[in-house]
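The values are calculated or read from the model by the stated rules, or taken from the named source; none is laboratory data. Quick caveat: nothing in here was measured; it's all calculated off a predicted structure. Don't worry about glycine lacking a Cβ; one is built from the backbone with ideal geometry, like all the others, and counts go over all protein chains shown.
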2 protein chains.
Amino acid sequence: MGTNQHAFKVVADGSITTPKGYKAGGLHCGLKKTDRHDLGAIVSEVPAVAAGVYTLNAFQAAPIRVTRDSIESDGLLSAVIVNSGNANAVTGKQGEADAYEMRSLFAEKIGVPAAHVAVASTGVIGELLKMDKVRDGISRLPEKLDASEAGADGFCQAILTTDLVKKSVCVAVEVKGQTVHIAGASKGSGMIHPNMATMLGFMTTDANIGADALQQLLRRATDLTFNMITVDGDTSTNDMLVAMANGLAGNEQLSPAHPDWAAFEAAFVYVCEVLAKAIARDGEGATKLVEVQIRGAESDEAARAIAKTVIGSSLVKSAMFGADANWGRIIAAVGRSGQQVNVDTVDVRIGDIVTLEQSRPVAFDEEAALAYLKGDTVVVIVDLHMGGSSATAWGCDLTYDYVRINAAYRT
Amino acid sequence: MGTNQHAFKVVADGSITTPKGYKAGGLHCGLKKTDRHDLGAIVSEVPAVAAGVYTLNAFQAAPIRVTRDSIESDGLLSAVIVNSGNANAVTGKQGEADAYEMRSLFAEKIGVPAAHVAVASTGVIGELLKMDKVRDGISRLPEKLDASEAGADGFCQAILTTDLVKKSVCVAVEVKGQTVHIAGASKGSGMIHPNMATMLGFMTTDANIGADALQQLLRRATDLTFNMITVDGDTSTNDMLVAMANGLAGNEQLSPAHPDWAAFEAAFVYVCEVLAKAIARDGEGATKLVEVQIRGAESDEAARAIAKTVIGSSLVKSAMFGADANWGRIIAAVGRSGQQVNVDTVDVRIGDIVTLEQSRPVAFDEEAALAYLKGDTVVVIVDLHMGGSSATAWGCDLTYDYVRINAAYRT
């Protein structure tokens, strides 16, 4: 276990089944052409308080509507079922009927009300689900569910598309002396952009927490983490982040007024940040994680907008791939962000290397810069010296492989 | 000569020196590492009414400030001088002094007031101009100027950076029986995005036209053409489009009230559109021109915003490179444009191939789609069936070569 200043601990081998009362699993039902897992579920042994945030894309996929329907019915979820290989998006009435059938079939199978099941899908847009394969998969899914590491692993595999690695994290935090766990799993690699991108995220916690507090916390954490990553500027039809809190830790109910709220919030945001950064690092074709910190901005909104503009710049991303300390592209992106900038007071650092100070180029050690930029994580820090606000955004480099992956995805 | 419905003619071998009274030329002074031209100028034998539009990037390069200063002094220009290989951007007081020195040295050389000379630069950001080379180049430049095709060609070469082709066009239009020529040359390949990208454009005309009419026409034409192209979403510090009208055609002065205004306007916009499309087609690494037409939108603003979102999508651009009729990415981009969309009434055509009708996928001939998408121009038409507004945007595909070019540009 690692520790940090926020009084929570990272559980080294933790997963979405580490919090009490959760099982998970996955299997291959035939939606993917390869034999990789493409159907998975998380199940809580008791109904969990639930919260969700969804894509802002006008073309919301059918499972988004079904999950929203479930969470809005009585605020509780017992399970989420997820398929990859097909997004069930732009599939009309039949797609909606299919998503509702996934929900009811799985609910019946595990003996819970249909409205206590959320549905998520990711994959190709505009094709109907092969429901014979989905039905067969759902019939076999319950036997795959277990509370071990293997169950969580199976689920994490089942939600991947072009992702190269599974993304999962678990932390432990004390609430009035009671240990509470918060865990999450996510997927996302392309079509990633602030405001919920092609990403799915699922969080489990055994904390006892009020529904409103959970929804507000999920939204705040999303704004600080998932909404600050970008891979390619495209926002998907299927993005969804769902949190379940089943209360089995037995802690005193959490709300913003609770003395341990700050610790719980920090732990919750940390889980989201780890998952979001893992998505950015695993961006399609990416060779490195890029972090952009904007400091000294006039407002949080300005800091966020500038950070997102820099992290989303194709020219900055290409320079990162080429290990090129091209600060000119960084400030060109700052300059087109639409935010007020004092063009005479900007500092730019790449790692520890100062390249621009008070908007004046600084001679730097190109060899050292090259060595730093060849690493697997690059931090860019822009200080505007205009105010006290800051923001951080995460992304990745733009590579040949991004083009290769996306030039041939559908075929 | 070709003709079209707008009553103007394209001059087949025309160039920026076809309008009466203009000379142009270029040479290699040493700002580029290769021996390609990197300094050029256009000179009018009499002061020309002038208009300019400039980058909206907060970090405006020094030459932008100098050109604005020149045009705002008395609205006249006798010449523009342009260098490539160095953007003279983020170069502080010295950069500004250098741009003013370029202006005064060349003005003196050709015997005109300094305020009648515009300056433009394009290339690497954040490095001071090698003024010894610029001074030497300016001393030799006048002897390169001539009114022939060769002079125009030398200028067109001198303004290129990563461009692969020269971009130039000339049209002829009748104004009360008098032939007037309008010509333009442009450069731009990367850092291209709506709202004036890394592009330079220079228009010459021998028309007699009022200064206000020219400025308004330039702005309107820019909105319809240069501001509707994107290569990579990045907007440069140096963008500039300057038009000079020297009146030597001897026509009755043009203004919007003139009976031939519509024909002149159409010809002027056409010149801008040809230059803008040429920049899009020559986008860094591009293998094809992509045109996105949005129809049936609720407003011009909505149509423009949606067109720009689709043309700017990295996923759409990658699919175009892969000749993949991936309409799902097209509508995902429409859906994240931030504009109101009726998600049940959208048609998508790729060339003549209908892929989505009333938001329902249409089975189409994949072979025919592949053959069409392998061509050098792809037209995507999205009809929203919501209103009567439309817009067109131009861009290019995203390719391995874009990444290669930009991963190694500075080094």
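Taking region A:369-388 as the range and being of a type outside the set (D, E, K, R), touching a residue at least 60 places away in the same chain (Cβ under 8 Å) and crowded, with 18+ Cβ neighbours inside 10 Å as the test, the residues that pass are A:378, A:380, A:381, A:382, A:384, A:386. From the list B:338, B:296, exactly one residue is outside any helix (DSSP H, G or I) and away from chain A (no Cβ under 14 Å). Which is it? When all the criteria are applied, what remains is B:296.
Which members of region B:126-174 meet the condition of being closer than 30 Å to residue A:358 by Cβ and not in a loop (DSSP other than H, G, I, E, B)? Within region B:126-174, B:131, B:132, B:133, B:134, B:135 meet the criteria. In region B:214-230, is there at least one residue being within 14 Å of another protein chain (Cβ to nearest Cβ) and at pLDDT below 95? Looking for residues that are within 14 Å of another protein chain (Cβ to nearest Cβ) and at pLDDT below 95, one finds at least one in region B:214-230, hence yes. Is it the case that some residue within region B:136-158 is touching a Ser or Thr at 6+ places or on another chain (Cβ under 6 Å), under 30 Å from residue B:393 (Cα atoms), in the same structural domain as residue B:255 (by TED's automatic domain parsing) and surrounded by fewer than 24 Cβ atoms within 10 Å (Cβ to Cβ)? Looking for residues that are touching a Ser or Thr at 6+ places or on another chain (Cβ under 6 Å), under 30 Å from residue B:393 (Cα atoms), in the same structural domain as residue B:255 (by TED's automatic domain parsing) and surrounded by fewer than 24 Cβ atoms within 10 Å (Cβ to Cβ), one finds none in region B:136-158, hence no.
The rows are residues; the columns are (1) touching a helix residue (DSSP H, G or I) at 6+ places or on another chain (Cβ under 8 Å); (2) free of Cβ contacts under 8 Å to residues at least 12 places away in the same chain; (3) surrounded by 24 or more Cβ atoms within 10 Å (Cβ to Cβ).
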{"position": "B:273", "(1), (2), (3)": "yes, no, no"}
{"position": "B:280", "(1), (2), (3)": "no, no, yes"}
{"position": "B:286", "(1), (2), (3)": "yes, no, yes"}
{"position": "B:296", "(1), (2), (3)": "no, no, no"}
{"position": "B:315", "(1), (2), (3)": "yes, no, yes"}
{"position": "B:326", "(1), (2), (3)": "yes, yes, yes"}
{"position": "B:331", "(1), (2), (3)": "no, no, yes"}
{"position": "B:342", "(1), (2), (3)": "no, no, no"}
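Restricting the first member to region B:90-111 and to residues that are surrounded by fewer than 17 Cβ atoms within 10 Å (Cβ to Cβ), and the second to residues that are of a type in the set (Ser, Thr, Tyr) and not in a helix (DSSP H, G or I), the beta-carbon pairs closer than 8 Å and six or more apart or on different chains are B:92/A:359. Of the candidates A:182, A:159, the single residue that is modelled with pLDDT of 90 or more, under 21 Å from residue A:141 (Cα atoms) and touching a strand residue (DSSP E or B) at 6+ places or on another chain (Cβ under 6 Å) is A:159. In contact with a helix residue (DSSP H, G or I) (Cβ under 7 Å, 6 or more places away or on another chain) and within 14 Å of chain A (Cβ to nearest Cβ) - does that describe any residue in region B:100-114? Taking every residue of region B:100-114 in turn, none turns out to be in contact with a helix residue (DSSP H, G or I) (Cβ under 7 Å, 6 or more places away or on another chain) and within 14 Å of chain A (Cβ to nearest Cβ).
Just to be sure before I move on: is residue B:52 in the same structural domain as residue B:111 (by TED's automatic domain parsing) and at pLDDT below 95 in the structure I sent? Judged against the criteria, residue B:52 is a match. When region A:163-182 is limited to residues that are in contact (Cβ under 8 Å) with a residue 60 or more places away in the chain and surrounded by fewer than 20 Cβ atoms within 10 Å (Cβ to Cβ), the one that is farthest from residue A:258 (Cα to Cα) turns out to be A:164. Counting only residues that are touching a strand residue (DSSP E or B) at 6+ places or on another chain (Cβ under 9 Å) and either among the aromatic types (Phe, Trp, Tyr) or assigned to a helix (DSSP H, G or I) (or both), region A:239-264 holds 3 of them.
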